[in-house]
Amino acid sequence: MIVEDRYFVSNYQEKKKLISLSPSGKFILYLLKQRGPLNRNEILNRTLLPKRTVAYALKMLQDDNFINKFKDKKDKRVSIYQSNI
């Protein structure tokens, strides 16, 4: 597997936000960038992080506009997360 480690941030403020993320937030962002859109259960299974940690990291990533959240087309109860950068 080829790992692409480039993150395209538009300005210094976004880069500063990216650097200041928690380790779990960076890990989840990396996972979403490498694996594509995932739902919360898939993130939990792949990272083995606690539910609360994943929920907090996803909220912070979404607040900083690093990820997008949208509903699954088949099951509207499930949210899908996708990397923005």
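Between ASP63 and GLN34, what is 0.36 nm times their sequence separation minus the Cα-Cα distance? Round to one decimal in nm.
On the way: separation 29, 0.36 × 29 = 10.44 nm, distance 2.07 nm.
Going from the current span to full extension adds 8.4 nm.
Would you please name the trypsin sites (Lys or Arg not before Pro) within the stretch 18-85 that are DSSP coil residues with at most 15 other C-beta atoms within 10 Å of their C-beta? Before the final figure, lay out each step's value.
Working: sites: LYS26, LYS33, ARG35, ARG40, ARG46, LYS51, ARG52, LYS59, LYS69, LYS71, LYS73, LYS74, LYS76, ARG77; in loops: LYS73, LYS74, LYS76, ARG77.
Here the trypsin sites (Lys or Arg not before Pro) that fit, given the DSSP loop and packing criteria, are LYS73, LYS74, LYS76, ARG77.
Below 13 Å Cα-Cα, how many Lys pairs turn up in the chain? Only count pairs eight or more apart in sequence, or on different chains, if you could. Don't jump to the answer; show the numbers that get you there.
Values: LYS15/LYS26; LYS16/LYS26; LYS17/LYS26; LYS26/LYS59; LYS51/LYS59; LYS59/LYS69.
Close lysine pairs under the 13 Å cut-off: 6.
For GLN62, what charge total do you get from the other residues with a beta carbon under 13 Å from its beta carbon, if Lys and Arg give +1 and Asp and Glu give -1? If you can, show how the numbers build up before the last one.
Numbers: positive: LYS17, ARG40, LYS59, LYS69; negative: ASP63, ASP64.
That sum, taken over residues with Cβ under 13 Å, equals +2.
Tell me, what is the FRET efficiency for LYS74 and ARG46 to the nearest 0.05, using R0 = 22 angstrom and their Cβ-Cβ distance as r? Walk me through the numbers before you get to the answer.
Working: r = 20 Å, r/R0 = 0.92.
It comes out at approximately 0.60.
Rule-based calculations on the coordinates, nothing more; no lab input. What you see is a predicted model; the values in this text were computed from it and never measured. FYI the Cβ positions are ideal-geometry reconstructions off the backbone, even for glycines, and counts take in every protein chain you see.
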